[in-house]
Ligand SMILES: N[C@H](CCC[C@H](N)C(=O)O)C(=O)O
C-alpha cells in the first residue's frame, strides 16, 4: 500500500502540527466535544480517532456513524474533506474499526483506512506494527514495516455487489 504521509499540509489538514509536522492525538472539536485524532494520508486523507478527550475506549458498534461521520468529513480543518476511522482497541495487535468514507459514507471495508488506522495506533503507542483490523466486511492483516516504511495489507477479496450502468 506504499508509505504513509504524515506532514499535516500534505494530508491535508489545518490542525496544528507537532514539531515533526505530524498531527498525532490532536484535539478536534465536533459538536462541542473534543475528539483525539491522528491524521494520515495514504494518498487520500484519513482522520483516525480512538475516542474523545478523557473518554472511555470507543465501542464502535454503539456509535451513531451516519450522524457523526459527515461532521468529520466536512470539518473546516480538512480542506479536501476526509475519510474517518473510529477505532476500538482489543489488544496491541487486534483492532476494530468503522469507517465513514469521504463521498460515500459508511462502507463495509476500506483498505487505505485500515492501513491508516495501524499507522495511527502505532504513533499513539496503542498497538504494534502488525495488527488484525476487524471491519464490518471482515478482518484484514496490516503490517507497517519498520525497515522500509511500507505497509502491507493481507486479506480476502469478496464480491458484495453486481450491477450494470446504462451509458
Ligand atoms: N475505498 C478505498 C478508499 C477510498 C477512499 C475515498 N473515500 C477517498 O476519499 O479517497 C480503499 O479501500 O482504500
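The values are calculated or read from the model by the stated rules, or taken from the named source; none is laboratory data. It should be emphasised that the depicted structure is a prediction, and the values quoted were computed from it without experimental measurement. In this analysis, Cβ positions are derived from the backbone assuming ideal geometry, glycine residues included, and neighbour counts consider all displayed protein chains.
Can you tell me which residues in the stretch 125-147 are in contact (Cβ under 8 Å) with a residue 60 or more places away in the chain and farther than 14 Å from residue 6 by Cβ? Write out each step before concluding.
As a first pass, look at the stretch 125-147 and keep what is in contact (Cβ under 8 Å) with a residue 60 or more places away in the chain: 126, 144.
Across the stretch 125-147, the qualifying residue is only 126.
Working only within the stretch 98-118, note down all residues that are surrounded by fewer than 24 Cβ atoms within 10 Å (Cβ to Cβ) and more than 8 Å from the ligand (Cβ to nearest atom). Quick ask: steps written out before the conclusion?
Initial filter on the stretch 98-118 (surrounded by fewer than 24 Cβ atoms within 10 Å (Cβ to Cβ)): 98, 101-109, 111-112.
Within the stretch 98-118, 98, 105, 106, 108 qualify.
Quick test of your reading of the structure: residue 127 fulfils all but one of (1) surrounded by 13 or more Cβ atoms within 10 Å (Cβ to Cβ); (2) at pLDDT 95 or above; (3) over 14 Å from residue 47 (Cβ atoms); (4) within 15 Å of the ligand (Cβ to nearest atom). Name the failing condition by number.
Evaluating residue 127 over (1) surrounded by 13 or more Cβ atoms within 10 Å (Cβ to Cβ); (2) at pLDDT 95 or above; (3) over 14 Å from residue 47 (Cβ atoms); (4) within 15 Å of the ligand (Cβ to nearest atom) leaves (4) as the failure.
Show me the strands (runs of 3 or more DSSP E) entirely contained within the stretch 22-141 in which 2 or more residues are touching a helix residue (DSSP H, G or I) at 6+ places or on another chain (Cβ under 9 Å) and within 27 Å of residue 156 (Cα to Cα). Quick ask: steps written out before the conclusion?
On the way: elements: 26-30, 33-41, 45-52, 83-91, 94-101, 130-135.
Once the strands (runs of 3 or more DSSP E) in the stretch 22-141 are filtered for at least 2 residues that are touching a helix residue (DSSP H, G or I) at 6+ places or on another chain (Cβ under 9 Å) and within 27 Å of residue 156 (Cα to Cα), what remains is 33-41, 45-52, 83-91, 94-101, 130-135.
Taking residue 94 and the conditions (1) without any contact (Cβ under 8 Å) to a residue 60 or more places away in the chain; (2) in contact with a strand residue (DSSP E or B) (Cβ under 6 Å, 6 or more places away or on another chain); (3) within 17 Å of residue 13 (Cβ to Cβ), which numbered condition does it fall short on, given that it satisfies the others?
That leaves (3) as the condition not met.
Kindly provide the set of residues from the stretch 49-72 that are closer than 18 Å to residue 8 by Cβ and free of Cβ contacts under 8 Å to residues at least 40 places away in the same chain, ordered by number. Before you say what the answer is, go through the steps one by one.
Keep residues of the stretch 49-72 that are closer than 18 Å to residue 8 by Cβ, which gives 49, 72.
Across the stretch 49-72, the qualifying residue is only 49.
Report every pair of residues separated by at least 6 positions or lying on different chains whose Cβ atoms are under 6 Å apart, first residue within the stretch 113-124 and within 11 Å of residue 46 (Cα to Cα), second modelled with pLDDT under 95 and within 13 Å of the ligand (Cβ to nearest atom).
Within 6 Å, the pairs are 115/1.
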